[in-house]
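Colleague: The following block contains the structure, expressed as structure tokens.
The values are calculated or read from the model by the stated rules, or taken from the named source; none is laboratory data. Computed from a predicted model, the values in this text were never measured in an experiment. Neighbour counts are summed over all protein chains in view; Cβ atoms, including those assigned to glycine, are modelled from backbone coordinates with ideal geometry.
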Amino acid sequence: MDQSSAVRDAAALLAGARRVVIFTGAGVSAESGIPTFRDALTGLWQRFDAQSLATPEAFRADPALVWGWYEWRRSAVGRARPNPAHVAVAAVEALRPGTVVITQNVDDLHERAGSAAPVHLHGSLFAPRCFDCGHPAPLPAGPADEPVDGRRLDPPRCTACAGPVRPGVVWFGEALPEASLRHAADAAAACDLMLTVGTSGLVYPAAEIPHLAVRAGAAVVQVNPVPTPLDPVAEVNLRGPAAQLLPRLLDALG
């Protein structure tokens, strides 16, 4: 289906907006080749289930296994490159000062594309911290393309308490970072346009963010290849890959 009319409608909303929030999910980074949690693991990790590795209990039981997997993920992110969707998000920020970018992604592709300070609701692969005391920890000298025997890599030790360092991401069963969630909720409640890109609308509490904007009277423009629970509340639904549609939206904005 031709999206030209919907792109023009979305561009008109963006042109008239004063306070813009861009909310991104796994679909944006998937277009850079980063697998989502719904994808089956491949290669050396294919016998594992991603969700079984992403819990505090898994780290307590086998920290070397979990740290090795996350270092493998970080190395994959390091080899990936921002795609045109990431670049377009940064361009909107430049055109609309004060735009807030909120992401569910734990990679750094928004930053590398030029976004100044995205709000990471689910943490970041690039912000490890101590599992015991929470003290921030430096990144290892360089991500291993293939951790020891393809599965295990002993985590560094905390410089403050000598506890094991963990990935700086939100695991299943953990609360979202309070400051990030509050920042996101405040931005959503204050915006007059929210652009949601590549998010399934299924993972709570992050999935509540667009609904906060709607309840505050904001328009929602959704970019997604498939229908999501956000379809009924979105004023415009752009159906297709973000890396194709966001540059078209910018072109229509002029």
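Colleague: How do the pairs read when you match residues in the stretch 77-88 that are under 15 Å from residue 124 (Cβ atoms) with residues anywhere that are charged (D, E, K, R) and surrounded by 17 or more Cβ atoms within 10 Å (Cβ to Cβ), using Cβ under 7 Å and keeping only pairs 6 or more apart or on different chains?
Modeller: 77/107; 77/108
Colleague: Keeping to the stretch 172-192, report how many residues are in contact (Cβ under 8 Å) with a residue 12 or more places away in the chain, part of a helix (DSSP H, G or I) and among the hydrophobic types (A, V, I, L, M, F, W, C). Explain how you work it out, then say what you get.
Modeller: In the first step, residues of the stretch 172-192 are kept if they are in contact (Cβ under 8 Å) with a residue 12 or more places away in the chain; the result is 172-174, 176-177, 180-181, 183-185, 187-192.
Okay, now just the ones that are also part of a helix (DSSP H, G or I), so 180-181, 183-185, 187-190.
From what's left, among the hydrophobic types (A, V, I, L, M, F, W, C): 181, 184-185, 187-190.
Within the stretch 172-192, residues that are in contact (Cβ under 8 Å) with a residue 12 or more places away in the chain, part of a helix (DSSP H, G or I) and among the hydrophobic types (A, V, I, L, M, F, W, C) number 7.
Listed here are the residues, each with its yes/no results for (1) of a type in the set (D, E, K, R); (2) farther than 14 Å from residue 102 by Cβ.
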position: 137; (1), (2): no, yes
position: 165; (1), (2): no, yes
position: 173; (1), (2): no, yes
position: 178; (1), (2): yes, yes
position: 192; (1), (2): yes, yes
position: 205; (1), (2): no, no
position: 216; (1), (2): no, yes
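Colleague: Now for a separate question. Of everything in the stretch 75-120, what is at pLDDT below 95, in contact with a helix residue (DSSP H, G or I) (Cβ under 8 Å, 6 or more places away or on another chain) and not in a loop (DSSP other than H, G, I, E, B)? Give them in sequence order.
Modeller: Hits for the stretch 75-120 are 77, 95.
Colleague: Exactly one condition in (1) buried (at least 18 other Cβ atoms within 10 Å of the Cβ); (2) hydrophobic (A, V, I, L, M, F, W, C); (3) more than 30 Å from residue 228 (Cα to Cα); (4) touching a residue at least 40 places away in the same chain (Cβ under 8 Å) is false for residue 137; which is it?
Modeller: Going through the list (1) buried (at least 18 other Cβ atoms within 10 Å of the Cβ); (2) hydrophobic (A, V, I, L, M, F, W, C); (3) more than 30 Å from residue 228 (Cα to Cα); (4) touching a residue at least 40 places away in the same chain (Cβ under 8 Å), residue 137 breaks only (4).
Colleague: Just checking, how many residues over the stretch 114-134 are among the aliphatic types (A, V, I, L, M), more than 22 Å from residue 155 (Cα to Cα) and surrounded by fewer than 23 Cβ atoms within 10 Å (Cβ to Cβ)? Write out each step before concluding.
Modeller: In the first step, residues of the stretch 114-134 are kept if they are among the aliphatic types (A, V, I, L, M); the result is 116-117, 119, 121, 125, 127.
This time we only want the ones that are more than 22 Å from residue 155 (Cα to Cα), so: 116-117, 119, 121.
Now narrow it down to the ones that are surrounded by fewer than 23 Cβ atoms within 10 Å (Cβ to Cβ): 116-117, 119.
The total comes to 3.
Colleague: Follow-up. Regarding the stretch 206-217, can at least one residue be identified that is more than 22 Å from residue 17 (Cα to Cα) and either touching an Asp or Glu at 6+ places or on another chain (Cβ under 8 Å) or not assigned by TED's automatic domain parsing to the domain that holds residue 28 (or both)?
Modeller: The answer is no, given that none of the residues of the stretch 206-217 is more than 22 Å from residue 17 (Cα to Cα) and either touching an Asp or Glu at 6+ places or on another chain (Cβ under 8 Å) or not assigned by TED's automatic domain parsing to the domain that holds residue 28 (or both).
Colleague: Right, next: Residue 196: among the hydroxyl-bearing types (Ser, Thr, Tyr), farther than 18 Å from residue 59 by Cβ and not assigned by TED's automatic domain parsing to the domain that holds residue 16, yes or no?
Modeller: Working: among the hydroxyl-bearing types (Ser, Thr, Tyr): yes; farther than 18 Å from residue 59 by Cβ: yes; not assigned by TED's automatic domain parsing to the domain that holds residue 16: no.
No; evaluated as a whole, the condition is false for this residue.
Colleague: Which members of the stretch 83-103 meet the condition of being crowded, with 24+ Cβ neighbours inside 10 Å and not aliphatic (A, V, I, L, M)?
Modeller: 86, 103
Colleague: Yes or no: residue 87 farther than 20 Å from residue 172 by Cα and of a type in the set (Val, Ile, Thr)?
Modeller: Values: farther than 20 Å from residue 172 by Cα: yes; of a type in the set (Val, Ile, Thr): yes.
Yes, satisfied.
Colleague: Any idea which of (1) modelled with pLDDT under 90; (2) closer than 23 Å to residue 204 by Cα; (3) in a loop (DSSP other than H, G, I, E, B) is the one residue 140 doesn't satisfy?
Modeller: (2)
Colleague: Could you list all residues from the stretch 143-171 that are of a type in the set (A, V, I, L, M), at pLDDT 95 or above, surrounded by 16 or more Cβ atoms within 10 Å (Cβ to Cβ) and part of a loop (DSSP other than H, G, I, E, B)?
Modeller: Of the stretch 143-171, the ones of a type in the set (A, V, I, L, M) are 144, 148, 153, 160, 162, 165, 169-170.
Narrowing the set further to residues that are at pLDDT 95 or above leaves 160, 162, 165, 169-170.
Keeping just the survivors that are surrounded by 16 or more Cβ atoms within 10 Å (Cβ to Cβ) gives 165, 169-170.
Scanning the stretch 143-171 gives a single hit, 170.
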